[in-house]
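To start, the structure itself, in structure tokens.
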Amino acid sequence: MTYIGTATSRIDGHAKVTGGAKYAAEFNVPGLVHAFIVESTIAKGRILHIDASEALRVEGVIDVLTHEKRPRMADTDDAYKDDVAPEGAPYRPLYDSKIMFSGQPVALVLAEEWEIARFAASLVRVEYEQEAHVTDLYRQREVAFALPEPAKPRGNAAKAFAAADVGHQGEYYVPIEHHNPMEPYASTVTWDGGGKLTVYDKTQGVQNVQRYVCSIFDMKPDDVRVMSPFVGGAFGSGLRPQYQVVLAVLAARALERSVRLVLTRQQMYSLGYRPAMIQRIELGATAGGTLDAITHEAITVTSQYEDFHRHETTWSGLLYKSANAKYAHKLARLDLPTSCDMRGPSATTGVYALESAMDELAVALKLDPLELRLRCYSDRDQNNGDLPFSSKNLRECYRQGAEMFGWDKRNPEPRSMRDGSELVGWGMATGVWEALQVPITVRIVLTANGHAEVACATSDIGTGTYTIMAQVAADALGLPLDNISIKLGDSTLPQSPVEGGSWIAASVSNGIVTTSNAIREELLRLAKKVPGSPLANATPDKVAFADGKLVSRQDASRAISIADVMRHGAVDRIEQEKSTNFANDGKHAHNTHSALFAEVRVDEQLGVIRVTRIVSAVAAGRILNTKTAHSQVMGGVVWGIGVALHEETLIDHKFGRIMNANIAEYHIPVNADVHDIKVIFVEEQDNIVNPLGIKGLGEIGIVGVAAAIANAVYHATGKRIRDLPITLDKLQR
Ligand code: MOS
């Protein structure tokens, strides 16, 4: 293989840095109308009256849409359910007078210029009838309702915990964290005449948005084309269609004109978020440092109208061997929008709690934290029928990570590794994620000039999907990378689910190979008809593509060029479209793993924490592109620093309103917070997960990072902070 596994630069890199790559709010058409959202200032209640008269008097304002003045929309919950909607009644933008969260759109101002729309929006007067709201998880703790058991319990965890030689129990808190990818949510809807629309949307799934829009507005699939050729980061926030697409389509239909709606940074805080959560963990161990009891309970946040949840608790009994394990999960309803996926959903948070608890257990056992992980190592997924993993090279992650970090030089005593006025702390943690795969369809058109166009409706949310698709196609078709063009992010292309869960790289790559195989078979069929064909007796499995030719695998001198085959066959192109499904043999668990080692330096007087070194060793099957993969994991580590030390949505519970809805006061790691990050990809061959042995790695990079840092902070200071983010005031308490 020439390209798979190499550090190929992004094929769209040039377009991205030169502005050639267009994002949802950058598509221009003549006569574009600009929309601006008026947001609710209360968290719960209903709209009594909206007075838009002053806004309408502003020159350049075209109209103001409200729930009382808008085109028809569907009136059933089902119509608003997208492919990945949770249970419940989805939010309907501008539908009725009901207010369910602060920041909810209540009116949409339409104007000839964006500045005019924005100014006029400030003139819209809204009268509300307020109801009592609740936005504080701790106030809802007692009334949170239980979800069905997240995974089957095994043994009797409570009994085993009571009988354990050494036990640890702890409660861990993670606050709400808000998405804010570089590209804000935006939709440009072009009115193509005859009621047809093209929607340039910020999304992780164009076909999901297309079905959603059709269903809400009762439109025919052919009349709505959704495009998203480039996405400036999404990380889970774009798995579900966001309300701006509904509002932009609503406006386009109202005016029969093209419309653009862009959310401001502040408005991005009225979308989904990583749910706040309280987790309780009980670990019981033998004196020898093996686990005998795991109990993991979580209470996570959702809205009043939908039940979003993932599975924070079950990572525990998956990651470590224990005869007894029990999980419980409750949901707390708050007067906020529905929570949503955010990078490594459930693992980023669930594994944070588990790996903090494991560190505390290691302290109680007077055992090196890495040694504890090794003693509890699990070669099987005990949660799901006690299955072996299709591959699991976590041991090697521990070994290589520890070696690169220099873990063996760690003095186990907290506060023992001082450097001048700074306390130095070393912590470690494990990461785990799923190697998921989804059914996908890929179309390839191979032309006589040795060029191939590969098409699939998947998104590239910034991870590098364009590039890995081109690499796989170039190798599968034996063509130079430059001869491959990729089409994606268009609802008219062959079927793809949303890009998320780290499942697209494996799915689309194997889809490309499947379709390439069909192209090869078709070309061989034609090649056999060429007079005196060197491949007259070859079977499809005995030929391969190489250097623009079909070549016998047994005898490389038997070859015929793509151009010659097509010329003789009197065709100038071969087109194939194939769907790939991933048969699960039901006999293996599929996961990716990582080992994290972190160094922090804490100023003893001020409590300022710096993460000076991180080593992340990842086992994620075959790595398609070492450059983009490295960037994915490095990005995950940086975000993990944010989870540990910075990110926190602060709500004024009196008003039910977010106080730090801006990037100045909502802290994220900046350049000065990011120091030495080293990423290792541990060799991991997997012949079971799929033919190419790819597992995907968008999300594994973040999992475990926050715990490694929290554990390092404990080692540095002797203080265990169990609520994130770990800020200096908490260290000083
Ligand atoms: Mo991911 S949280 O599925 O984009």
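Of the set (1) in contact with an Asp or Glu (Cβ under 8 Å, 6 or more places away or on another chain); (2) within 16 Å of the ligand (Cβ to nearest atom), all apply to residue 179 but (1). Among all residues of the range 562-574, there is none that is modelled with pLDDT of 95 or more and under 30 Å from residue 415 (Cβ atoms). On the stretch given as the range 333-346, residues that are touching a residue at least 40 places away in the same chain (Cβ under 8 Å) and within 15 Å of the ligand (Cβ to nearest atom) total 8. Residue 262 meets the conditions (1) touching a Leu at 6+ places or on another chain (Cβ under 9 Å); (2) of a type in the set (A, V, I, L, M); (3) away from the ligand (no atom under 16 Å from the Cβ); (4) under 25 Å from residue 661 (Cβ atoms) in every case but one. The failed one is (1).
Look at residue 672 and say whether it is assigned to a helix (DSSP H, G or I), free of Cβ contacts under 8 Å to residues at least 12 places away in the same chain and surrounded by fewer than 23 Cβ atoms within 10 Å (Cβ to Cβ). In short, yes. Can you name the residue in the range 191-206 that is of a type outside the set (A, V, I, L, M), away from the ligand (no atom under 16 Å from the Cβ) and closer than 21 Å to residue 455 by Cβ and, of all such residues, is surrounded by the most Cβ atoms within 10 Å (Cβ to Cβ)? Among residues in the range 191-206 that are of a type outside the set (A, V, I, L, M), away from the ligand (no atom under 16 Å from the Cβ) and closer than 21 Å to residue 455 by Cβ, the one surrounded by the most Cβ atoms within 10 Å (Cβ to Cβ) is 200.
Across the range 643-667, the number of residues qualifying as closer than 18 Å to residue 343 by Cβ and touching a residue at least 60 places away in the same chain (Cβ under 8 Å) comes to 9.
The set of residues in the range 21-50 being farther than 20 Å from residue 337 by Cα and among the polar types (S, T, N, Q) consists of 28 alone. Residues of the range 493-523 that are in a loop (DSSP other than H, G, I, E, B) and in contact with a strand residue (DSSP E or B) (Cβ under 6 Å, 6 or more places away or on another chain): 493, 494, 495, 496. Filtering the range 495-538 to residues that are buried (at least 20 other Cβ atoms within 10 Å of the Cβ), away from the ligand (no atom under 15 Å from the Cβ) and small (Gly, Ala, Ser) leaves 509, 511, 516, 527, 538.
The single residue among 140, 104 that is among the polar types (S, T, N, Q), at pLDDT 95 or above and touching a Pro at 6+ places or on another chain (Cβ under 9 Å) turns out to be 104.
Might you check whether a residue that is surrounded by fewer than 24 Cβ atoms within 10 Å (Cβ to Cβ) and at pLDDT below 95 occurs anywhere in the range 648-663? Yes, the range 648-663 contains a residue that is surrounded by fewer than 24 Cβ atoms within 10 Å (Cβ to Cβ) and at pLDDT below 95. Of these, 213, 206, 174, 199, which one is β-branched (Val, Ile, Thr), within 22 Å of residue 269 (Cβ to Cβ) and under 25 Å from the mean Cα position of the chain (by Cα)? Only one candidate passes the filter, namely 174. The residue of the range 36-91 that is nearest to the chain's Cα centre (by Cα), among those that are in a helix (DSSP H, G or I) and buried (at least 21 other Cβ atoms within 10 Å of the Cβ), is 80. When 319, 365, 370 are checked against the criterion of being buried (at least 24 other Cβ atoms within 10 Å of the Cβ) and either more than 17 Å from residue 173 (Cβ to Cβ) or not polar (S, T, N, Q) (or both), 319 stands alone in meeting it.
Take the conditions more than 16 Å from the ligand (Cβ to nearest atom), surrounded by fewer than 24 Cβ atoms within 10 Å (Cβ to Cβ), modelled with pLDDT of 95 or more and not acidic (Asp, Glu) and apply them to residue 330. Does it pass? Yes; evaluated as a whole, the condition is true for this residue. Condition first: over 15 Å from residue 271 (Cβ atoms) and either touching a helix residue (DSSP H, G or I) at 6+ places or on another chain (Cβ under 9 Å) or among the aromatic types (Phe, Trp, Tyr) (or both). Now tell me which residues in the range 650-665 satisfy that. Scanning the range 650-665 gives 653, 655, 660.
Of the strands (runs of 3 or more DSSP E) lying entirely inside the range 236-322, the ones with 2 or more residues being hydrophobic (A, V, I, L, M, F, W, C), under 30 Å from residue 162 (Cα atoms) and in contact (Cβ under 8 Å) with a residue 60 or more places away in the chain are found at 277-285, 291-302. Of all residues in the range 428-446, those that are over 17 Å from residue 679 (Cβ atoms) have Cβ atoms under 6 Å from Cβ atoms of residues that are among the basic types (Lys, Arg) and part of a strand (DSSP E or B), 6 or more apart or on another chain, in 445/573. Residues in the range 16-35 that are in contact (Cβ under 8 Å) with a residue 60 or more places away in the chain, aliphatic (A, V, I, L, M) and not in a strand (DSSP E or B): 21, 24, 25, 29, 32. Right, residue 162: away from the ligand (no atom under 15 Å from the Cβ), of a type outside the set (Phe, Trp, Tyr) and under 30 Å from residue 138 (Cα atoms) or not? So residue 162 passes the test.
Residue 175 meets each of the listed conditions (1) crowded, with 20+ Cβ neighbours inside 10 Å; (2) of a type outside the set (S, T, N, Q); (3) touching a Phe, Trp or Tyr at 6+ places or on another chain (Cβ under 9 Å) apart from (3).
Checked against (1) surrounded by fewer than 24 Cβ atoms within 10 Å (Cβ to Cβ); (2) farther than 24 Å from residue 347 by Cβ, residue 210 passes all but condition (1). Once the range 684-721 is narrowed to residues that are among the charged types (D, E, K, R) and within 24 Å of the chain's Cα centre (by Cα), the residue that is surrounded by the most Cβ atoms within 10 Å (Cβ to Cβ) is 695.
The values are calculated or read from the model by the stated rules, or taken from the named source; none is laboratory data. Remember, it's a predicted structure, so these values are computed and weren't measured experimentally. Every residue, glycine among them, receives a Cβ derived from its backbone with ideal geometry; neighbour counts consider all protein chains shown.
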